[in-house]
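The values are calculated or read from the model by the stated rules, or taken from the named source; none is laboratory data. As the structure is a prediction and not an experimental result, all values here were calculated from the model. Virtual Cβ from ideal backbone geometry, glycine too; neighbours counted across all protein chains shown.
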């Protein structure tokens, strides 16, 4: 896997979104969430 590569894309509705990362290998991921108004939030997720 290369750095900076998109590995998953999920769309949802409402105020809650669950992301199934079970198929992804252990590592550090950056999750970007964009709402309907175009506002973005980025969080670092460490999967062990």
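Here is how the numbers come out for the structure above:
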item	result
Only listed residue being out of contact with any helix residue (DSSP H, G or I) (no Cβ under 7 Å at 6 or more places or on another chain), touching a residue at least 12 places away in the same chain (Cβ under 8 Å) and surrounded by fewer than 10 Cβ atoms within 10 Å (Cβ to Cβ), chosen from 46, 7	46
Members of segment 24-34 that are assigned to a loop (DSSP other than H, G, I, E, B) and either at positive phi or under 13 Å from the mean Cα position of the chain (by Cα) (or both)	24
Test for residue 47: is it modelled with pLDDT of 95 or more and at negative phi	yes
Checklist (1) part of a strand (DSSP E or B); (2) more than 10 Å from the chain's Cα centre (by Cα) applied to residue 44, failing item	(2)
